[in-house]
Amino acid sequence: MKGTFVNMVYFRSLSNNSPAVRFQRAAGVEESRIPLGVRAGVLCLVLILNPAAHAQTSATDSIKAHYMRAQEAIKENKLDVAAGEFQEILQIDPHNAEVRASLGVIDFNERKYPDAAQEFRESLRLKPELWNAQAFLGMSEMRLGKLDEAQTVLEKSFPHVQDQKLRAQAGSDLVYIYYLAGNLDKAAAIVTVLGSIQPDQPDTLYTEYRVYSDLAAHALATLIKVAPESARTHEILAQSLMSHNDATGALQEYRRALQADPNLPGIHFEMGQALLAYSANESSRAEAEKEFEAALVANPSDANAEYELGEVAWSRSDFQNALEHYSRALQVRPHYIDAQIGMGKALTSTNQASKAVDYLLDAERADPENEIVHYRLALAYRKLGTKPDADREWAKFQEIRKSQDASRLLFQEMQQKPVTPQTDEPDRPQ
């Protein structure tokens, strides 16, 4: 075949009553437990015809005509017509591996998985290096319940598939097989690849969430089983309580962790954060300050502890001391956005708004959608008397805040506490 024999991609979605879903149900897996795009994913129909394939046959023109008619039929979603044209090609050239693979893909998309698997096997017998066909064979075997065979073929083909849509679907199927078998480490390795292929695709993000959540849950269950009173167990329990806004319970667990291991890395910093979340009074601030100072004794390069000490000083309106801590945090970590924002707000409060803008613009370049950066810029520009700039930054702050309201509500419904590194006052710059 000549240059007109180009590769073509066609997409079709699985219905919720597809064989894949029925297979999952038959396997005893609830849909809510399936972390994959296979439940409602997008499958690729990739005609695996090689532009140079079988150009030596005497019937090239006839083959080309059948192929062109097949191509048009696919565009019109007439897969039965396309299949007929491919069958005609096989009458002329019975050893055309690419055409057999294309027939297999049509059978796959029509959910004729036994026929698809047979076509792919024959195609690969003729030409084993057709990686797309190998991937489709693995996906067909999975839907036929042959998980071991599917795993073997998908593991072999997945690294070689170039079409990103097909690679994502094959990877999702492989994750599903690993997930059923409890091989979460292997599943996580494939999830990492899927994240690079489709980083913003909801099914990919859901798969990441499920696999990593299960890995974390498994690790925690094992930790509690083997070391229920260890410092790390109490630390994790404290972190969980903090994420649910239970600072009182978290402090109890952090104290138990400290009793179990006074030198536990990071424990003083986390304890300080919990104390600040527990109460805004001076007693809690003073206790938190001691914990952050203890964190710096354990690790003098702890930029987070320096930043938090700056926040404690800021809460006392001790702006000069706050500047010193924010500055030291930036010496350790020059692109620490929270510390840049801290410098900006402290400099604004000490009538150094021009310097504040420099720090805040650095933070904006690193994180343009950070609402607090724009809030602080609005205040700094207000101090400088540049009202148009202040109005622009205030409008941007409001725009970002409005767009993030839905996310905040969702986090609240999940009883999760998103990190908000800077507290903003509600007054609008005038």
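We did not get these values from a lab; they are worked out from the coordinates using the rules stated. Not measured: the values here are computed from a predicted model. Counting neighbours? That spans all protein chains shown, and the Cβs are built from the backbone with ideal geometry, glycine included.
Numbers for the structure displayed
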item: Potential extension, Lys78-Glu293 segment - 0.36 nm per residue separation minus Cα distance; result: 70.2 nm
item: For segment 154-165, Karplus couplings with θ = phi - 60° (6.51, -1.76, 1.60), whole Hz, Gly/Pro x; result: 5, 4, 6, 8, 3, x, 9, 6, 9, 5, 5, 5
item: Under 15 Å, Cβ to Cβ, from Ser301 - net charge with Lys/Arg +1 and Asp/Glu -1; result: -2
item: Derived scalar couplings ³J(HN,Hα) [segment 289-297; Karplus, 6.51 cos²θ - 1.76 cosθ + 1.60; whole Hz; x for Gly, Pro]; result: 4, 5, 5, 5, 5, 5, 4, 6, 5
item: For segment 206-279 versus segment 80-149, the gap between their alpha-carbon centres in whole angstrom; result: 51
item: Packing-based exposure ordering (other Cβ within 10 Å, fewest first) of Glu229, Glu110; result: Glu229, Glu110
item: Where Rh is the Kirkwood radius over Cα pairs, Rg/Rh for segment 83-222; result: 1.06
item: Projected area, mean over directions - segment 159-255, Cα convex hull, nm²; result: 7.6
item: Stretchable slack from Ala219 to Thr60, in nm (0.36 nm times residue separation minus alpha-carbon distance); result: 51.2 nm
item: Whole-Hz couplings from phi, Karplus 6.51/-1.76/1.60, listed for segment 370-386; x for Gly and Pro; result: 7, 5, 5, 4, 5, 4, 5, 5, 4, 5, 5, 5, 4, 4, 7, x, 9
item: Percent RCO, i.e. relative contact order, over segment 232-300, from Cα pairs under 8 Å lying at least 6 residues apart; result: 26
